[in-house]
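A.B. asks: Please find one structure pasted underneath; my questions will follow.
The values are calculated or read from the model by the stated rules, or taken from the named source; none is laboratory data. In this text, all values refer to a predicted model and were calculated from it rather than measured experimentally. All Cβ positions, even for glycine, are placed from backbone atoms using ideal geometry, and neighbour counts span all protein chains on display. We work out accessible area using only protein heavy atoms, side chains counted, and drop any ligands, DNA or RNA first. Shrake-Rupley method; radii C 1.70, N 1.55, O 1.52, S 1.80 Å.
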Amino acid sequence: MSANDEPIALSGNRRGPVGYVRDRLAYFTVPLLILLALLPISSVPTWGTLTLAGLAMGLMIFIMASGLTLVFGLMDVLNFGHGAMISFGAFVGVSVLLALGPLYGAAAIELNLLALLLSALAAMVAAGVLGLAFERLIVRPVYGHHLKQILITTGGLIVIEQLIIVIWGPNEIPIPRPESLKGAFIVGGVILEKYRLLAVGLGLALFVALRIILTRTKIGLLVRAGVENREMVEALGYRISVLFIGVFVAASALGGMGGIMWGLYDEVITAHMGMSVMILVFITIIIGGLGSIEGCFVAALLIGLTNNYVAYLAPKLSLGSAILLMVVVLMWRPNGLLQPSGSR
């Protein structure tokens, strides 16, 4: 390997001009899909309504998947137990929502948002603490062994789901949305559901925050440097192991927040919701490119949009739309839409 090749090898990117252009094209898949969908749907109000619903669904998937792809991209850990953080966060968040009944059931949007904020914080803290214990007890002994990681984290997911059943019972829990987040605005015939608008705003804010933290802050710089050359960073006096534990806890907290958001989206939670959602989450990070935050974001939007368009045009195919999308994308880009740049 020549000296000129080394930086490319360290960053994991071997992008020539063709690869660079393909990466740029990957970013345009979302607007291209949105425009192409207008042709068969033909009705602009219906198309607009489906597009908003797809974006909202995609951004909620991104909230849940971002933590998993972060852990893989920065720590090289295949954490199949991420679904446990989603379920546990959802149950803790809903318990807090029920305890905040006067705020949650009030007609004022400020009180509703305060109740949601407190429940989301509780879900993130609970999932983060669970993630810390999960990393110390289950993941730590199997660093560097992908097969063992898959087996032991899947076992951890099953155990935690059973603990949720012991604590909250086996029955599903219905959670109607707050009063001020029910209903929709109608603009030009396009139905804009209030809760979906909230999900879109939250998902976009999370994506921007993750990008800033990873690329513009000292913590992000240290974590990325630790991935490339752990010994060098530790020689400078930084404890990379502590930073990586922080990454795992943050990823678990994101899973918890995604759990409460997804629960309110479905208006029901079950102990097995994490395991069922994990299928979509894994498809998302595979389509996006393992370890890529940008790829995860694009893939989540594509899945959400495709699901809603297909459900309207061919309802019988909607259940398999994500898998069909994965097949199409991997035939074009076998390693996913975007390779991690700087995050791994």
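A.B. asks: Among the candidates LEU97, LEU130, LEU121, single out the residue that is of a type outside the set (D, E, K, R) and either on the phi > 0 side of the Ramachandran plot or open to solvent by 40 Å² or more (accessible area, probe 1.4 Å) (or both).
C.D. replies: Going through LEU97, LEU130, LEU121 in turn, just one is of a type outside the set (D, E, K, R) and either on the phi > 0 side of the Ramachandran plot or open to solvent by 40 Å² or more (accessible area, probe 1.4 Å) (or both): LEU121.
A.B. asks: Within the bounds of segment 287-302, is there any residue that is surrounded by fewer than 19 Cβ atoms within 10 Å (Cβ to Cβ) and touching a Leu at 6+ places or on another chain (Cβ under 9 Å)?
C.D. replies: No, because not a single residue in segment 287-302 is surrounded by fewer than 19 Cβ atoms within 10 Å (Cβ to Cβ) and touching a Leu at 6+ places or on another chain (Cβ under 9 Å).
A.B. asks: Among the residues of segment 230-283, which ones are of a type in the set (S, T, N, Q), open to solvent by 10 Å² or more (accessible area, probe 1.4 Å) and at pLDDT 90 or above?
C.D. replies: THR270
A.B. asks: Still on this model: Just checking, how many residues over segment 173-212 are of a type outside the set (S, T, N, Q) and surrounded by 15 or more Cβ atoms within 10 Å (Cβ to Cβ)?
C.D. replies: Matching residues across segment 173-212 total 24.
A.B. asks: Do we have ARG224 as among the charged types (D, E, K, R) and within 26 Å of GLY295 (Cβ to Cβ) here?
C.D. replies: Yes; evaluated as a whole, the condition is true for this residue.
A.B. asks: Residues that are in a loop (DSSP other than H, G, I, E, B), β-branched (Val, Ile, Thr) and under 18 Å from PHE248 (Cα atoms): does segment 75-91 have at least one?
C.D. replies: Yes, because at least one residue in segment 75-91 is in a loop (DSSP other than H, G, I, E, B), β-branched (Val, Ile, Thr) and under 18 Å from PHE248 (Cα atoms).
A.B. asks: Next up: Being open to solvent by less than 10 Å² (accessible area, probe 1.4 Å) and either touching a strand residue (DSSP E or B) at 6+ places or on another chain (Cβ under 6 Å) or at pLDDT below 95 (or both) narrows it down to one of MET75, MET57, MET64, so name that one.
C.D. replies: Exactly one residue qualifies, and that residue is MET64.
A.B. asks: Also, I was wondering about something else. I'd like to know if segment 213-221 contains one or more residues that are in contact with a helix residue (DSSP H, G or I) (Cβ under 7 Å, 6 or more places away or on another chain), open to solvent by 60 Å² or more (accessible area, probe 1.4 Å) and modelled with pLDDT of 85 or more.
C.D. replies: yes
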